[in-house]
1. Determine the pairs where a residue that is at pLDDT 90 or above and among the polar types (S, T, N, Q), located within region 1-24, has a partner that is surrounded by 11 or more Cβ atoms within 10 Å (Cβ to Cβ) and in a loop (DSSP other than H, G, I, E, B) with Cβ atoms under 7 Å apart, the partner being 6 or more residues away or on another chain.
2. In region 48-77, how many residues are under 29 Å from I18 (Cα atoms), crowded, with 16+ Cβ neighbours inside 10 Å and hydrophobic (A, V, I, L, M, F, W, C)?
3. What are the residues in region 25-35 that are assigned to a strand (DSSP E or B) and either open to solvent by 70 Å² or more (accessible area, probe 1.4 Å) or in contact (Cβ under 8 Å) with a residue 40 or more places away in the chain (or both), if any?
4. So in region 8-24, with the set limited to residues that are open to solvent by 90 Å² or more (accessible area, probe 1.4 Å) and part of a loop (DSSP other than H, G, I, E, B), which one is nearest to I64 (Cα to Cα)?
Amino acid sequence: AFDHGIALTGVPMIQQAILESLITIGDDVWIGANCTITRGVSIGQGAVIGANSVVTESVPPMAIVAGVPARLIRFRS
């Protein structure tokens, strides 16, 4: 996954650096429809991501997260 850099104010956006990081998704993960997962995020095994969520931080194993930005709701039992 990648984003465009925005640090250099005197440089057009098209010429900004590209920032890359991996997204890691564990086994047995459910990701609802229309989710956005940002660069550098890891989603742990057995996690559930609610529909329309924006995941900006890593999600621990067996967690249920949802929202914009995604927040921990509870852990699967």
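1. Q16/G5; Q16/I6; Q16/L8; S21/A1; S21/R39; S21/G40
2. Residues flagged as under 29 Å from I18 (Cα atoms), crowded, with 16+ Cβ neighbours inside 10 Å and hydrophobic (A, V, I, L, M, F, W, C) within region 48-77 amount to 6.
3. Passing the criteria: I25, W30.
4. Step one: of region 8-24, the residues open to solvent by 90 Å² or more (accessible area, probe 1.4 Å) are 8-9, 13-15, 18, 20, 22.
Now drop any that are not part of a loop (DSSP other than H, G, I, E, B), which leaves 8-9, 22.
Values: L8: 37, T9: 39, L22: 21 Å.
So the residue we want is L22.
The values are calculated or read from the model by the stated rules, or taken from the named source; none is laboratory data. None of these values were measured; they are calculated from a predicted model. Using ideal geometry, Cβ is built from the backbone for each residue, glycine included, and neighbour counts are taken over all protein chains shown. Surface areas here come from the heavy atoms of the whole protein model, side chains and all, with no ligands, DNA or RNA. Shrake-Rupley method; radii C 1.70, N 1.55, O 1.52, S 1.80 Å.
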